[in-house]
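S.K.: This is the structure I want to talk about, given as structure tokens.
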Amino acid sequence: MTPPDGVDDEKRATLRRFAALGAASSLVGRSDSAAADTGESDARDAIAGYLSTTPGAHFSKIRDDLQLGTGETQHHLRRLEDLEAIERYRDGDYKRFVTAGRFDEFEKRALGYLRRETPRGMLIELLLRSDPTAGDLAEALDVSPPTVSKYAGELEEAGLLSRADGYAVERPETVLVLVVRHADSFGDRAQRLARDADQFLEYQG
């Protein structure tokens, strides 16, 4: 079936946009001469660039956002792993991907939950508010209190949340930096937090 007019152009524009970011890496892009020779470098650089702005994305999101085929995505991810440009990690049923060597284990777990709508909303609300209750979080996120309790248990087990004395984010500055640095990939609530982040960050000289 012939793709509708504009689909290929849209895909090329998307790949070029992210490839410009990926080509900046010394591990991919121009250094990957085999890919350049076979015309694969744009797609590979695009994945690397995409992951620099959307760390913790899972396979399907990478494939769909970059408008690549399943086999094509698998091939390029494997090649980037071979180049040690990216790394994968398991998050429940998901295989998530990040730029290699950039994130510690806590940050990888945090990114996995920040890629989920309700846990992300909970973490952001907890960064913004003092001592919110489960009911406060449920109302702010338009979910049920049992849903909040379910994710609170998961976040606590993952080491991202303490429930010893109310709800509190573990390593809050680390989580805040992740949200702010990649706010464009986390949606409106994260972007609003990023605009006011200077109120929350504590700098140490």
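The values are calculated or read from the model by the stated rules, or taken from the named source; none is laboratory data. Keep in mind that what you see is a predicted model, and the values were worked out from it rather than measured. Quick reminder, even Gly has a Cβ in these numbers, built from the backbone with ideal geometry, and neighbours come from all protein chains shown. The protein model used for the area step is the full one, side chains on, heavy atoms only, and it has no ligands, DNA or RNA in it. Shrake-Rupley method; radii C 1.70, N 1.55, O 1.52, S 1.80 Å.
S.K.: Name every residue in the range 71-108 that is touching a Leu at 6+ places or on another chain (Cβ under 8 Å), farther than 21 Å from Tyr151 by Cα and not hydrophobic (A, V, I, L, M, F, W, C), in order of residue number.
M.R.: Residues satisfying the conditions are Thr73, His76, Glu84, Arg88, Thr99.
S.K.: Could I ask something else about it? Going by the structure shown, is Asp198 under 19 Å from Arg96 (Cα atoms), at pLDDT below 95 and surrounded by fewer than 18 Cβ atoms within 10 Å (Cβ to Cβ)?
M.R.: So Asp198 does not fit the description; no.
S.K.: Of all the residues that make up the range 71-101, how many are of a type in the set (D, E, K, R) and within 24 Å of Glu154 (Cα to Cα)?
M.R.: Of the residues in that region, 7 qualify.
S.K.: Do the conditions hold for Arg163, that is, is it surrounded by fewer than 13 Cβ atoms within 10 Å (Cβ to Cβ) and of a type in the set (D, E, K, R)?
M.R.: No; evaluated as a whole, the condition is false for this residue.
S.K.: Quick one: which helices (runs of 4 or more DSSP H) lie wholly within the range 14-120 and hold at least 3 residues that are of a type outside the set (S, T, N, Q), open to solvent by 70 Å² or more (accessible area, probe 1.4 Å) and at pLDDT 95 or above?
M.R.: Filter on the range 14-120 gives 70-82.
Residues checked against (1) touching a Pro at 6+ places or on another chain (Cβ under 8 Å); (2) in a helix (DSSP H, G or I); (3) open to solvent by 40 Å² or more (accessible area, probe 1.4 Å):
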{"site": "Leu127", "(1), (2), (3)": "yes, yes, no"}
{"site": "Asp131", "(1), (2), (3)": "no, no, yes"}
{"site": "Ala138", "(1), (2), (3)": "yes, yes, no"}
{"site": "Val148", "(1), (2), (3)": "no, yes, no"}
{"site": "Val175", "(1), (2), (3)": "no, yes, no"}
{"site": "Asp184", "(1), (2), (3)": "no, yes, yes"}
{"site": "Ala190", "(1), (2), (3)": "no, yes, no"}
{"site": "Ala194", "(1), (2), (3)": "no, yes, no"}
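S.K.: Being without any contact (Cβ under 8 Å) to a residue 60 or more places away in the chain, open to solvent by 20 Å² or more (accessible area, probe 1.4 Å) and more than 16 Å from Met122 (Cβ to Cβ) is the requirement here; does Val143 meet it?
M.R.: It is false that Val143 is without any contact (Cβ under 8 Å) to a residue 60 or more places away in the chain, open to solvent by 20 Å² or more (accessible area, probe 1.4 Å) and more than 16 Å from Met122 (Cβ to Cβ).
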